[in-house]
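Take a look at the structure set out below.
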Amino acid sequence: MKLAVQVPTCNRPRALRAVLEAYARQSDLDFEMVIADDGSGPETRETIHRFQEAAPFPVQHIWQEDQGFRLAGIRNRAIAATGADYLVLTDGDCLPLRHHVARHRALAEPGWFVSGSRVYLDQALTDLVEAGATGPEEWSWSDWLRHRVGGAVNRVSPLLSLPLSAAWRRWQPDRWQGVTTANFAAWRTDLIAVNGFDESFEGWGFEDTDLTIRLTRAGVRQKTGRYAVSVLHLWHPPASRATVESNQALLADLQTSDRIRARRGLAEGPVR
C-alpha cells in the first residue's frame with residue numbers, strides 16, 4: 001500500500017515548519033508528503049524548499065494562486081498530484097504524534113475511511129512549539145498532565161493508545177457528524193469516486209462535512225481512530241466566518257438531495 005500524507009498550508013510558515021519536522025520524526029517514514037499550498041508567499045516557499053532538501057521521504061509542493069480561502073480546491077490539486085493508494089489528511093497547524101502514520105496505516109481497510117481526534121494547545125504553548133523550544137509530540141504523560149492542569153491543553157484523554165476491537169471502531173459506520181479532515185484518512189479511489197472535495201465551498205466551513213456525507217452515501221463507512229490517532233492542534237486566531245451562511249446553504253442543499261459526486265471537484269482537474 002502506497003501512502004501519502006497531505007498537509008495544507010496558507011502563510012503560516014512557523015506552524016508548518018513544526019508540523020513538517022514532526023512528520024520527519026515518524027516511526028513509519030515509508031510515505032510521500034504532498035504540501036497543498038493555498039497561495040502562500042515566499043517565506044512559506046523557502047520553508048518548504050529547505051525541508052525538501054533534508055526530508056527522509058519525497059515531498060511535493062502543490063501551489064495555487066491566492067484568491068481567498070480555497071481549501072477544497074488545493075486539497076483536490078494535491079489528491080490529483082499523487083498516485084498513492086491511501087491518503088492521510090491533516091492540517092498545516094496539526095502536529096502528528098510519533099506513531100501517527102504507522103497507526104493510520106494499521107487502521108486502513110477497504111471500504112472505510114478513518115476519522116481521528118484533536119487536542120488543542122493554547123497560544124502560549126503554541127508560541128513555544130513554533131519557536132522550536134519544545135516538541136510536545138515527544139512528551140511523557142507527566143508533561144501532558146502538568147500542562148492539562150495548567151490549562152495549556154484542552155484535554156489529554158485522546159492521547160491514550162487503547163487496543164480497541166475492530167467492532168468498536170466500526171460501531172457508527174454512517175456517522176458524519178464531527179468528522180473533519182484535520183485528522184482523516186481515505187482510499188484515493190474512494191475520493192475520486194465522489195469527485196473529491198466540492199470547490200463550491202470557498203472560505204471557512206463545511207467542505208469536509210460535505211465530503212463525508214457523500215462518502216457515506218457512496219457506501220464508504222466511518223471507522224473511528226479515537227484512542228489510536230490524535231493530532232496536536234496549534235492555536236490560531238479564529239478564521240473569518242464571512243462565508244458561513246453561503247457554505248451552510250450549500251450543505252443544506254446537499255442534505256436535501258441524494259447526490260454523491262461533488263458539483264465542482266476533481267473532474268475539473270487532472271487525475272492520474
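Within region 93-107, restricting attention to residues that are outside any helix (DSSP H, G or I) and open to solvent by less than 10 Å² (accessible area, probe 1.4 Å), which residue is nearest to Phe206 (Cα to Cα)?
Ranking the qualifying residues of region 93-107, first place goes to Cys94.
Can you find even one residue in region 207-215 that is open to solvent by 60 Å² or more (accessible area, probe 1.4 Å), under 21 Å from Asp91 (Cβ atoms) and out of contact with any Asp or Glu (no Cβ under 8 Å at 6 or more places or on another chain)?
No: zero hits.
Can you tell which of Ala167, Ala152 is closer than 21 Å to Trp112 by Cα, among the aliphatic types (A, V, I, L, M) and free of Cβ contacts under 8 Å to residues at least 40 places away in the same chain?
Of Ala167, Ala152, the one residue that is closer than 21 Å to Trp112 by Cα, among the aliphatic types (A, V, I, L, M) and free of Cβ contacts under 8 Å to residues at least 40 places away in the same chain is Ala167.
With the structure loaded, tell me whether Gln6 is closer than 25 Å to Ala106 by Cα, in contact (Cβ under 8 Å) with a residue 40 or more places away in the chain and either open to solvent by 20 Å² or more (accessible area, probe 1.4 Å) or not in a strand (DSSP E or B) (or both) or whether it fails that test. Can you show your working first?
Working: closer than 25 Å to Ala106 by Cα: yes; in contact (Cβ under 8 Å) with a residue 40 or more places away in the chain: yes; either open to solvent by 20 Å² or more (accessible area, probe 1.4 Å) or not in a strand (DSSP E or B) (or both): no.
No: the conditions fail for Gln6.
Return the residues of region 9-49 that are under 19 Å from Val129 (Cα atoms) and part of a strand (DSSP E or B); say none if nothing qualifies.
If the condition is that a residue be under 19 Å from Val129 (Cα atoms) and part of a strand (DSSP E or B), then Thr9 is the only one that fits.
Mind listing just one residue for me: the one in region 133-169 that is part of a helix (DSSP H, G or I), open to solvent by 40 Å² or more (accessible area, probe 1.4 Å) and hydrophobic (A, V, I, L, M, F, W, C) and, of those, farthest from His99 (Cα to Cα)?
Looking at the filtered set, the residue picked out is Val149.
Going through region 108-126 one residue at a time, which ones are part of a helix (DSSP H, G or I) and open to solvent by 20 Å² or more (accessible area, probe 1.4 Å)? Outline the logic, then answer.
Residues of region 108-126 part of a helix (DSSP H, G or I): 123-126.
Listed by number, the residues that qualify are Gln123, Ala124.
For the list (1) in contact (Cβ under 8 Å) with a residue 60 or more places away in the chain; (2) surrounded by 15 or more Cβ atoms within 10 Å (Cβ to Cβ); (3) among the aliphatic types (A, V, I, L, M), I need the number of the one condition that Ala267 fails.
(2)
What's the number of the only condition in (1) more than 27 Å from His147 (Cβ to Cβ); (2) among the charged types (D, E, K, R); (3) at pLDDT 95 or above; (4) surrounded by fewer than 21 Cβ atoms within 10 Å (Cβ to Cβ) that Glu130 fails to meet?
Glu130 satisfies all of (1) more than 27 Å from His147 (Cβ to Cβ); (2) among the charged types (D, E, K, R); (3) at pLDDT 95 or above; (4) surrounded by fewer than 21 Cβ atoms within 10 Å (Cβ to Cβ) except (1).
Could you look through region 62-81, keep only residues that are within 16 Å of the chain's Cα centre (by Cα), open to solvent by less than 60 Å² (accessible area, probe 1.4 Å) and not small (Gly, Ala, Ser), and pick out the one that is farthest from Ala182 (Cα to Cα)?
Among them, the one singled out is Ile62.
Within the set of pairs 6 or more residues apart or between chains, which connect a residue that is farther than 12 Å from Gly92 by Cα inside region 11-38 to a residue that is open to solvent by 30 Å² or more (accessible area, probe 1.4 Å) and of a type in the set (A, V, I, L, M, F, W, C) with Cβ atoms less than 6 Å apart?
Listed pairs, sorted by first residue: Ser27/Ala102; Asp28/Ala102.
The values are calculated or read from the model by the stated rules, or taken from the named source; none is laboratory data. Because the structure is a prediction, the values reported are computed rather than measured. Neighbour counts run over all protein chains shown; Cβ positions are idealised from the backbone, glycine included. Please note that ligands, DNA and RNA were not included when accessible areas were found on the heavy atoms of the full protein model with its side chains. Shrake-Rupley method; radii C 1.70, N 1.55, O 1.52, S 1.80 Å.
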